[in-house]
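Chemist: Structure provided below as C-alpha coordinates; questions to follow.
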Amino acid sequence: MSGPTVKIVNIVESLLINNDLAAGRNQRRLAEAGVLTINVMAAPGAGKTSLIVRTLEALRDQARVGVIEGDIAGSVDTERVLAAGARDAVQINTGGNCHLEANMVDRALTELDLSQLDLLLLENVGNLVCPTHWALGEHLKLCLVGAAEGDDKPVKYPEMFAVSDVIVLNKIDLIDHVDFNREFFLESVRALNPGVPVFEVSCRTGAGIAEWAAWLLAQRAALGGAAATTEVA
Amino acid sequence: MHELSVMAYMLERVEGHAERLGATKVIAINLVVGERSSFVDDSLLFYFEMLTPGTRAEGALLNLRRTLMRCHCPPCDTDFHPTGADFRCPRCDTVGQVTDDGTELLIESLEVVT
Ligand SMILES: Nc1nc2c(ncn2[C@@H]2O[C@H](COP(=O)(O)OP(=O)(O)OP(=O)(O)O)[C@@H](O)[C@H]2O)c(=O)[nH]1
Ligand SMILES: [Mg+2]
Ligand SMILES: [Zn+2]
Ligand SMILES: [Zn+2]
(Lines give C-alpha, C1' and ligand atoms only; values in the text may rest on other atoms or scores of the structure.)
(Ligands and ions follow the chains in the order given, each with its own letter.)
Protein backbone atom coordinates (compact mmCIF):
# COMPACT_ATOMS: atom_id res chain seq x y z
CA MET A 1 0.00 0.00 0.00
CA SER A 2 1.35 3.39 -0.88
CA GLY A 3 1.01 6.42 1.40
CA PRO A 4 -0.13 9.90 0.44
CA THR A 5 1.23 11.17 -2.84
CA VAL A 6 1.89 14.71 -4.03
CA LYS A 7 0.55 15.56 -7.45
CA ILE A 8 0.89 18.63 -9.62
CA VAL A 9 -2.34 19.20 -11.51
CA ASN A 10 -2.59 21.62 -14.41
CA ILE A 11 -5.69 23.78 -14.26
CA VAL A 12 -5.18 26.87 -16.47
CA GLU A 13 -8.46 28.66 -16.02
CA SER A 14 -9.54 32.17 -15.16
CA LEU A 15 -9.44 33.00 -11.47
CA LEU A 16 -12.90 34.42 -11.84
CA ILE A 17 -14.38 31.63 -13.91
CA ASN A 18 -17.38 31.26 -11.58
CA ASN A 19 -18.24 34.90 -12.11
CA ASP A 20 -17.65 34.58 -15.86
CA LEU A 21 -20.12 31.68 -16.00
CA ALA A 22 -22.75 33.63 -14.08
CA ALA A 23 -22.17 36.61 -16.39
CA GLY A 24 -22.73 34.36 -19.39
CA ARG A 25 -26.11 33.32 -17.99
CA ASN A 26 -27.09 36.98 -17.46
CA GLN A 27 -25.97 37.80 -20.98
CA ARG A 28 -28.15 35.09 -22.53
CA ARG A 29 -31.14 36.26 -20.55
CA LEU A 30 -30.62 39.88 -21.61
CA ALA A 31 -29.99 38.96 -25.23
CA GLU A 32 -33.16 36.86 -25.36
CA ALA A 33 -35.14 39.78 -23.95
CA GLY A 34 -33.46 42.14 -26.44
CA VAL A 35 -32.25 44.45 -23.69
CA LEU A 36 -28.99 46.18 -24.62
CA THR A 37 -27.04 46.35 -21.38
CA ILE A 38 -24.26 48.79 -20.56
CA ASN A 39 -21.85 48.43 -17.66
CA VAL A 40 -21.06 52.02 -16.60
CA MET A 41 -17.67 52.08 -14.89
CA ALA A 42 -15.81 55.07 -13.48
CA ALA A 43 -14.05 56.47 -10.46
CA PRO A 44 -16.23 57.79 -7.60
CA GLY A 45 -17.84 61.08 -8.51
CA ALA A 46 -16.86 61.00 -12.20
CA GLY A 47 -20.50 61.54 -13.12
CA LYS A 48 -21.98 58.05 -13.62
CA THR A 49 -25.39 58.96 -12.24
CA SER A 50 -25.32 62.32 -14.02
CA LEU A 51 -24.63 60.60 -17.36
CA ILE A 52 -27.42 58.09 -16.73
CA VAL A 53 -29.81 60.94 -15.91
CA ARG A 54 -28.82 62.84 -19.08
CA THR A 55 -29.18 59.67 -21.14
CA LEU A 56 -32.65 59.02 -19.72
CA GLU A 57 -33.70 62.56 -20.58
CA ALA A 58 -32.27 62.33 -24.10
CA LEU A 59 -33.92 58.97 -24.84
CA ARG A 60 -37.19 59.63 -23.06
CA ASP A 61 -39.32 59.30 -26.22
CA GLN A 62 -37.12 56.80 -28.01
CA ALA A 63 -36.34 53.94 -25.68
CA ARG A 64 -37.50 52.31 -22.48
CA VAL A 65 -34.55 52.39 -20.15
CA GLY A 66 -34.02 50.49 -16.90
CA VAL A 67 -31.26 51.15 -14.41
CA ILE A 68 -29.46 49.01 -11.87
CA GLU A 69 -27.64 51.14 -9.32
CA GLY A 70 -24.68 49.57 -7.58
CA ASP A 71 -23.57 51.36 -4.49
CA ILE A 72 -21.68 50.47 -1.35
CA ALA A 73 -24.68 51.80 0.62
CA GLY A 74 -27.69 54.10 0.23
CA SER A 75 -30.30 54.63 -2.50
CA VAL A 76 -29.92 58.31 -3.45
CA ASP A 77 -28.85 57.54 -7.03
CA THR A 78 -31.84 55.22 -7.57
CA GLU A 79 -34.19 58.02 -6.56
CA ARG A 80 -32.41 60.37 -8.99
CA VAL A 81 -32.77 58.04 -11.98
CA LEU A 82 -36.42 57.26 -11.26
CA ALA A 83 -37.14 60.98 -11.10
CA ALA A 84 -35.35 61.38 -14.45
CA GLY A 85 -37.66 58.93 -16.20
CA ALA A 86 -36.21 55.45 -15.79
CA ARG A 87 -38.90 52.84 -16.52
CA ASP A 88 -37.63 50.83 -13.61
CA ALA A 89 -34.67 50.95 -11.26
CA VAL A 90 -33.21 48.47 -8.80
CA GLN A 91 -30.70 49.25 -6.11
CA ILE A 92 -27.91 46.81 -5.29
CA ASN A 93 -26.11 47.53 -2.07
CA THR A 94 -22.84 45.70 -2.30
CA GLY A 95 -22.28 45.74 1.44
CA GLY A 96 -18.79 47.20 1.20
CA ASN A 97 -17.79 45.33 -1.96
CA CYS A 98 -15.98 47.67 -4.35
CA HIS A 99 -17.57 46.35 -7.55
CA LEU A 100 -20.70 44.61 -8.83
CA GLU A 101 -20.55 40.87 -9.45
CA ALA A 102 -22.59 38.79 -11.89
CA ASN A 103 -24.60 37.03 -9.17
CA MET A 104 -25.67 40.40 -7.73
CA VAL A 105 -26.92 41.45 -11.15
CA ASP A 106 -28.65 38.09 -11.54
CA ARG A 107 -30.69 38.80 -8.40
CA ALA A 108 -31.44 42.36 -9.52
CA LEU A 109 -32.66 41.12 -12.93
CA THR A 110 -35.39 39.08 -11.28
CA GLU A 111 -36.83 42.35 -9.95
CA LEU A 112 -37.07 43.89 -13.44
CA ASP A 113 -39.64 43.20 -16.14
CA LEU A 114 -37.19 42.81 -19.01
CA SER A 115 -39.99 42.61 -21.59
CA GLN A 116 -40.68 46.28 -20.82
CA LEU A 117 -37.12 47.46 -21.51
CA ASP A 118 -34.96 48.29 -24.52
CA LEU A 119 -31.89 49.37 -22.62
CA LEU A 120 -30.44 48.62 -19.23
CA LEU A 121 -27.78 50.82 -17.66
CA LEU A 122 -25.75 49.29 -14.83
CA GLU A 123 -24.04 51.84 -12.60
CA ASN A 124 -21.06 50.02 -11.18
CA VAL A 125 -19.39 50.96 -7.90
CA GLY A 126 -16.94 53.87 -8.26
CA ASN A 127 -13.56 52.27 -8.87
CA LEU A 128 -11.27 51.89 -11.90
CA VAL A 129 -9.66 48.59 -10.92
CA CYS A 130 -12.10 45.75 -10.14
CA PRO A 131 -15.04 46.37 -12.45
CA THR A 132 -12.79 45.50 -15.42
CA HIS A 133 -12.40 41.94 -14.15
CA TRP A 134 -15.95 41.22 -13.08
CA ALA A 135 -18.14 40.62 -16.11
CA LEU A 136 -21.82 41.20 -15.37
CA GLY A 137 -23.41 39.95 -18.58
CA GLU A 138 -23.32 43.37 -20.24
CA HIS A 139 -23.18 43.89 -24.00
CA LEU A 140 -20.95 46.94 -23.71
CA LYS A 141 -18.49 48.24 -21.18
CA LEU A 142 -18.47 52.00 -20.79
CA CYS A 143 -15.58 53.79 -19.13
CA LEU A 144 -16.41 57.27 -17.92
CA VAL A 145 -13.75 59.76 -16.88
CA GLY A 146 -14.24 63.21 -15.44
CA ALA A 147 -11.81 65.79 -16.77
CA ALA A 148 -11.11 66.92 -13.20
CA GLU A 149 -9.63 63.50 -12.40
CA GLY A 150 -6.69 64.12 -14.70
CA ASP A 151 -5.48 63.11 -18.15
CA ASP A 152 -3.30 60.32 -16.77
CA LYS A 153 -6.10 57.87 -15.96
CA PRO A 154 -5.47 55.64 -19.03
CA VAL A 155 -1.80 55.33 -18.09
CA LYS A 156 -2.60 54.51 -14.47
CA TYR A 157 -5.53 52.16 -15.11
CA PRO A 158 -4.69 50.64 -18.50
CA GLU A 159 -6.97 47.63 -18.26
CA MET A 160 -10.10 49.73 -17.77
CA PHE A 161 -9.43 51.63 -21.00
CA ALA A 162 -8.25 48.57 -22.91
CA VAL A 163 -11.40 46.51 -22.24
CA SER A 164 -13.96 49.27 -22.72
CA ASP A 165 -16.20 49.34 -25.79
CA VAL A 166 -16.85 53.05 -25.44
CA ILE A 167 -15.24 55.87 -23.49
CA VAL A 168 -16.99 59.01 -22.30
CA LEU A 169 -14.96 61.99 -21.20
CA ASN A 170 -17.22 64.00 -18.91
CA LYS A 171 -16.99 67.46 -17.33
CA ILE A 172 -15.48 69.04 -20.44
CA ASP A 173 -16.88 72.34 -19.12
CA LEU A 174 -14.01 72.16 -16.59
CA ILE A 175 -11.31 71.23 -19.06
CA ASP A 176 -9.60 74.63 -19.17
CA HIS A 177 -9.65 74.96 -15.40
CA VAL A 178 -8.00 71.69 -14.52
CA ASP A 179 -4.89 71.34 -16.74
CA PHE A 180 -6.37 68.43 -18.64
CA ASN A 181 -4.23 67.68 -21.69
CA ARG A 182 -6.81 66.33 -24.13
CA GLU A 183 -4.22 65.26 -26.75
CA PHE A 184 -2.27 63.28 -24.17
CA PHE A 185 -5.44 61.62 -22.89
CA LEU A 186 -6.49 60.61 -26.39
CA GLU A 187 -3.04 59.35 -27.41
CA SER A 188 -2.99 57.07 -24.33
CA VAL A 189 -6.49 55.81 -25.03
CA ARG A 190 -5.50 55.05 -28.65
CA ALA A 191 -2.39 53.18 -27.51
CA LEU A 192 -4.58 50.91 -25.41
CA ASN A 193 -7.67 50.63 -27.58
CA PRO A 194 -7.17 52.00 -31.11
CA GLY A 195 -10.69 52.02 -32.49
CA VAL A 196 -12.71 52.77 -29.39
CA PRO A 197 -15.29 55.56 -29.77
CA VAL A 198 -14.70 58.49 -27.42
CA PHE A 199 -17.51 60.92 -26.60
CA GLU A 200 -16.70 64.25 -24.97
CA VAL A 201 -19.63 65.51 -22.93
CA SER A 202 -20.66 67.77 -20.12
CA CYS A 203 -23.49 66.48 -17.98
CA ARG A 204 -23.67 69.98 -16.57
CA THR A 205 -24.24 71.90 -19.82
CA GLY A 206 -25.56 68.98 -21.89
CA ALA A 207 -22.81 69.40 -24.52
CA GLY A 208 -22.15 66.21 -26.48
CA ILE A 209 -25.07 64.31 -24.94
CA ALA A 210 -27.13 64.18 -28.15
CA GLU A 211 -24.26 62.51 -30.06
CA TRP A 212 -23.71 60.01 -27.25
CA ALA A 213 -27.41 59.17 -27.00
CA ALA A 214 -27.68 58.72 -30.78
CA TRP A 215 -24.76 56.30 -30.75
CA LEU A 216 -26.32 54.33 -27.92
CA LEU A 217 -29.62 54.10 -29.74
CA ALA A 218 -27.81 52.85 -32.84
CA GLN A 219 -26.17 50.11 -30.76
CA ARG A 220 -29.61 49.10 -29.50
CA ALA A 221 -30.95 48.99 -33.05
CA ALA A 222 -28.01 46.80 -34.11
CA LEU A 223 -28.98 44.29 -31.42
CA GLY A 224 -32.25 43.70 -33.26
CA GLY A 225 -35.79 43.34 -32.01
CA ALA A 226 -38.82 45.43 -32.86
CA ALA A 227 -38.83 47.65 -29.81
CA ALA A 228 -35.78 49.64 -30.80
CA THR A 229 -37.35 50.98 -33.96
CA THR A 230 -40.77 51.82 -32.58
CA GLU A 231 -41.56 55.10 -30.90
CA VAL A 232 -42.27 54.76 -27.22
CA ALA A 233 -45.81 55.75 -26.38
CA MET B 1 -9.22 45.72 -0.68
CA HIS B 2 -9.71 44.90 -4.38
CA GLU B 3 -7.88 41.64 -3.81
CA LEU B 4 -10.27 40.23 -1.20
CA SER B 5 -13.07 39.09 -3.48
CA VAL B 6 -10.63 37.78 -6.07
CA MET B 7 -8.98 35.58 -3.45
CA ALA B 8 -12.37 34.42 -2.15
CA TYR B 9 -13.46 33.32 -5.64
CA MET B 10 -10.09 31.68 -6.30
CA LEU B 11 -10.27 29.73 -3.07
CA GLU B 12 -13.80 28.53 -3.74
CA ARG B 13 -12.63 27.24 -7.09
CA VAL B 14 -9.52 25.59 -5.62
CA GLU B 15 -11.66 23.83 -2.99
CA GLY B 16 -13.85 22.53 -5.79
CA HIS B 17 -10.83 21.16 -7.65
CA ALA B 18 -9.42 19.59 -4.46
CA GLU B 19 -12.74 17.86 -3.87
CA ARG B 20 -12.89 16.59 -7.44
CA LEU B 21 -9.30 15.32 -7.25
CA GLY B 22 -9.90 13.62 -3.92
CA ALA B 23 -7.13 15.72 -2.37
CA THR B 24 -6.81 15.91 1.38
CA LYS B 25 -4.60 18.96 1.25
CA VAL B 26 -3.51 21.65 -1.17
CA ILE B 27 0.18 22.46 -0.71
CA ALA B 28 0.72 25.02 -3.45
CA ILE B 29 -1.39 27.19 -5.73
CA ASN B 30 0.30 28.60 -8.80
CA LEU B 31 -1.27 31.73 -10.19
CA VAL B 32 -0.43 33.95 -13.13
CA VAL B 33 -1.22 37.59 -12.45
CA GLY B 34 -0.65 40.12 -15.22
CA GLU B 35 0.62 43.60 -14.51
CA ARG B 36 -2.45 45.09 -16.16
CA SER B 37 -4.74 43.65 -13.50
CA SER B 38 -3.49 46.32 -11.04
CA PHE B 39 -3.66 43.71 -8.27
CA VAL B 40 -0.97 44.03 -5.62
CA ASP B 41 1.03 40.93 -4.58
CA ASP B 42 1.12 41.78 -0.89
CA SER B 43 -2.62 42.26 -0.75
CA LEU B 44 -3.26 38.99 -2.59
CA LEU B 45 -1.05 37.20 -0.08
CA PHE B 46 -2.61 39.01 2.86
CA TYR B 47 -6.17 38.02 1.96
CA PHE B 48 -5.05 34.51 1.07
CA GLU B 49 -3.65 34.06 4.58
CA MET B 50 -6.82 35.51 6.01
CA LEU B 51 -9.18 33.22 4.08
CA THR B 52 -7.41 29.83 4.11
CA PRO B 53 -7.61 28.71 7.77
CA GLY B 54 -9.98 25.75 8.06
CA THR B 55 -9.85 25.01 4.31
CA ARG B 56 -7.83 22.36 2.49
CA ALA B 57 -5.52 25.16 1.38
CA GLU B 58 -4.55 26.13 4.92
CA GLY B 59 -0.77 26.60 5.03
CA ALA B 60 -0.49 26.29 1.22
CA LEU B 61 2.07 28.27 -0.70
CA LEU B 62 0.61 30.92 -3.00
CA ASN B 63 3.01 31.35 -5.92
CA LEU B 64 2.42 34.42 -8.04
CA ARG B 65 3.94 34.49 -11.48
CA ARG B 66 3.86 38.01 -12.83
CA THR B 67 3.59 38.92 -16.49
CA LEU B 68 4.38 42.38 -17.79
CA MET B 69 2.50 44.59 -20.17
CA ARG B 70 4.25 45.44 -23.45
CA CYS B 71 4.01 48.12 -26.06
CA HIS B 72 4.89 47.74 -29.74
CA CYS B 73 6.64 50.52 -31.63
CA PRO B 74 6.01 50.14 -35.39
CA PRO B 75 8.85 52.43 -36.64
CA CYS B 76 11.47 50.66 -34.47
CA ASP B 77 9.73 47.31 -34.90
CA THR B 78 10.47 46.48 -31.26
CA ASP B 79 8.49 45.97 -28.09
CA PHE B 80 9.12 48.00 -24.95
CA HIS B 81 7.81 48.09 -21.41
CA PRO B 82 5.92 51.36 -20.87
CA THR B 83 7.44 53.60 -18.22
CA GLY B 84 4.18 54.30 -16.43
CA ALA B 85 4.22 57.94 -17.54
CA ASP B 86 3.01 57.41 -21.12
CA PHE B 87 3.00 54.83 -23.93
CA ARG B 88 5.76 56.46 -25.95
CA CYS B 89 8.72 54.53 -27.33
CA PRO B 90 11.87 55.26 -25.28
CA ARG B 91 13.92 55.24 -28.52
CA CYS B 92 11.92 57.33 -30.99
CA ASP B 93 9.05 58.84 -28.94
CA THR B 94 6.34 57.35 -31.15
CA VAL B 95 3.18 56.39 -29.27
CA GLY B 96 3.25 52.60 -29.18
CA GLN B 97 0.46 50.05 -29.39
CA VAL B 98 -0.20 48.11 -26.21
CA THR B 99 -0.11 44.35 -26.89
CA ASP B 100 -2.16 41.63 -25.18
CA ASP B 101 0.62 40.80 -22.72
CA GLY B 102 0.14 41.18 -19.00
CA THR B 103 -3.61 40.61 -18.88
CA GLU B 104 -3.54 37.15 -17.28
CA LEU B 105 -5.51 36.29 -14.19
CA LEU B 106 -5.20 32.51 -14.07
CA ILE B 107 -5.00 29.49 -11.85
CA GLU B 108 -2.17 27.69 -13.64
CA SER B 109 -1.76 24.59 -11.49
CA LEU B 110 -2.21 23.10 -8.05
CA GLU B 111 0.03 20.88 -5.95
CA VAL B 112 -2.15 18.56 -3.92
CA VAL B 113 -1.81 15.59 -1.59
CA THR B 114 -4.02 12.64 -2.45
N1 LIG C 1 -18.82 70.68 -13.69
C2 LIG C 1 -19.38 69.49 -13.89
N3 LIG C 1 -19.81 68.76 -12.85
C4 LIG C 1 -20.38 67.57 -13.09
C5 LIG C 1 -20.55 67.07 -14.40
N6 LIG C 1 -21.12 65.85 -14.32
C7 LIG C 1 -21.31 65.60 -13.01
N8 LIG C 1 -20.87 66.63 -12.25
C9 LIG C 1 -20.90 66.74 -10.79
O10 LIG C 1 -20.04 65.75 -10.25
C11 LIG C 1 -20.56 65.26 -9.01
C12 LIG C 1 -20.68 63.76 -9.02
O13 LIG C 1 -21.63 63.38 -10.00
P14 LIG C 1 -22.40 61.98 -9.93
O15 LIG C 1 -23.17 61.88 -11.18
O16 LIG C 1 -23.11 61.81 -8.65
O17 LIG C 1 -21.16 61.01 -9.98
P18 LIG C 1 -21.10 59.43 -9.74
O19 LIG C 1 -19.99 58.93 -10.58
O20 LIG C 1 -22.44 58.83 -9.94
O21 LIG C 1 -20.71 59.37 -8.20
P22 LIG C 1 -20.77 58.12 -7.20
O23 LIG C 1 -21.99 57.29 -7.56
O24 LIG C 1 -20.85 58.74 -5.86
O25 LIG C 1 -19.48 57.37 -7.43
C26 LIG C 1 -21.90 65.96 -8.80
O27 LIG C 1 -21.70 67.05 -7.96
C28 LIG C 1 -22.26 66.41 -10.22
O29 LIG C 1 -23.07 67.56 -10.22
C30 LIG C 1 -20.09 67.88 -15.49
O31 LIG C 1 -20.17 67.53 -16.67
N32 LIG C 1 -19.51 69.08 -15.17
MG1 LIG D 1 -23.63 57.60 -8.71
ZN1 LIG E 1 -12.24 46.54 -6.00
ZN1 LIG F 1 10.31 53.57 -31.50
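Chemist: Say each of A:Asp176 and B:Phe80 gets a label point 7 Å from the Cα, pointing the same way as Cα to Cβ; how far apart are those two points in nm?
Modeler: Inter-label distance under the simple model: 3.5 nm.
Chemist: Here's a follow-up. Between A:Asp165 and A:Ala148, what is the spin-label point distance in nm, taking each point 7 Å from the Cα along the Cα→C-beta axis?
Modeler: 3.0
Chemist: May I pose another question? Hey, rough spin-label estimate for A:Glu57 and B:Glu108, points 7 angstrom out along Cα→Cβ, what's it come to in nanometres?
Modeler: So the label points at A:Glu57 and B:Glu108 sit 5.2 nm apart.
Chemist: Moving to a separate point now. So what's segment A:42-160 giving for Cα Rg divided by 2.2 N^0.38 Å, two decimals?
Modeler: Ratio of Cα Rg to 2.2 N^0.38 Å: 1.03.
Chemist: Moving on to the next point. Provide a whole-number value for the mean count of partner chain Cβ atoms within 10 Å of the Cβ atoms in peptide B:101-114.
Modeler: 5
Chemist: Shielding by partners for B:34-44, please: the mean number of other protein chain Cβ atoms within 10 Å of each residue's Cβ. Each step should come with its number before you reach the end.
Modeler: Details: counts 1, 2, 8, 7, 10, 4, 1, 0, 0, 0, 0.
Across B:34-44, the average partner-chain Cβ count within 10 Å equals 3.
Chemist: Can you give me the relative contact order of chain A as a percent, contacts being Cα pairs under 8 Å and 6 or more apart?
Modeler: Dividing the mean separation by the residue count of chain A yields 25 percent.
Chemist: Another question, then. For A:Gln91, what residues show an amide H to amide H distance below 5 Å, using hydrogens built from the backbone and excluding near sequence neighbours?
Modeler: Under 5 Å from the amide H of A:Gln91 lie the amide H atoms of A:Glu69, each far enough along the sequence or on another chain.
Chemist: With every protein chain left in place, what is the accessible area of B:Cys76 in Å² (1.4 Å probe, nearest 10)?
Modeler: Accessible area of B:Cys76: about 40 Å².
Chemist: Moving on to the next point. So what are the ³J(HN,Hα) numbers for segment B:75-88, from phi and the Karplus equation (6.51, -1.76, 1.60; θ = phi - 60°), rounded to whole Hz, Gly and Pro as x?
Modeler: x, 7, 6, 9, 9, 9, 9, x, 6, x, 9, 6, 10, 8
Chemist: Percent relative contact order of chain B, based on C-alpha pairs within less than 8 angstrom and at least six residues apart?
Modeler: Computed value for chain B: 37 percent relative contact order.
Chemist: With all distinct Cα pairs included, what does the Kirkwood hydrodynamic radius of the protein assembly as shown come out to in Å, to one decimal, could you say?
Modeler: Radius from the Kirkwood sum: 21.7 Å.
Chemist: Please give the calculated 222 nm ellipticity per residue for the protein assembly as shown, where each DSSP H segment of at least 4 residues contributes -39500 (n - 2.57) and the sum is spread over every residue; nearest 500 deg cm²/dmol?
Modeler: About -9500 deg cm²/dmol.
Chemist: Give the cross-link partners of A:Lys7 among the aspartates and glutamates, using a straight C-alpha distance below 19 Å as the criterion and excluding same-chain residues fewer than 8 apart.
Modeler: B:Glu15, B:Glu19, B:Glu58, B:Glu108, B:Glu111
Chemist: A further question follows. I need the phi-derived Karplus couplings for segment A:139-150: 6.51 cos²θ - 1.76 cosθ + 1.60, θ = phi - 60°, integer Hz, Gly and Pro marked x.
Modeler: 7, 9, 9, 10, 10, 10, 10, x, 4, 5, 7, x
Chemist: Right, another one. Given an 8 Å cut-off on Cα distances and at least 6 residues of separation, report the relative contact order of segment A:101-233 as a percent.
Modeler: 21
Chemist: For A:Asp151, which sequence-distant residues (separation of 5 or more, or a different chain) have an amide H within less than 5 Å of its own amide H, given hydrogens modelled in the peptide plane?
Modeler: Placed amide hydrogens put A:Asn181 under 5 Å from A:Asp151.
Chemist: Once phi is turned into ³J(HN,Hα) by the Karplus curve 6.51 cos²θ - 1.76 cosθ + 1.60 with θ = phi - 60°, what whole-Hz value does each residue of segment A:177-185 show in order, with x for glycine and proline?
Modeler: Going residue by residue, I get 9, 10, 6, 8, 8, 4, 4, 5, 4 Hz, with x marking Gly and Pro.
Chemist: A further question on this structure: Within a 10 angstrom radius of each residue's Cβ in B:77-90, how many Cβ atoms of other chains show up on average? Whole number is fine.
Modeler: Mean inter-chain Cβ contacts per residue within 10 Å come to 2.
Chemist: What residues have an amide H closer than 5 Å to that of B:Cys89, excluding those fewer than 5 places away on the same chain, when H is modeled at 1.01 Å from N in the peptide plane?
Modeler: Those qualifying (amide H under 5 Å, at least 5 residues apart or on another chain) are B:Thr94, B:Val95, B:Gly96.
The values are calculated or read from the model by the stated rules, or taken from the named source; none is laboratory data. Since we're looking at a predicted model, the values are computed, not measured. Here Cβ is always computed from backbone atoms with ideal geometry, including for glycine, and neighbour counts include all displayed protein chains. Ligands, DNA and RNA are stripped out before the accessible areas are found, and what is left, the full protein with its side chains, is counted by its heavy atoms. Shrake-Rupley method; radii C 1.70, N 1.55, O 1.52, S 1.80 Å.
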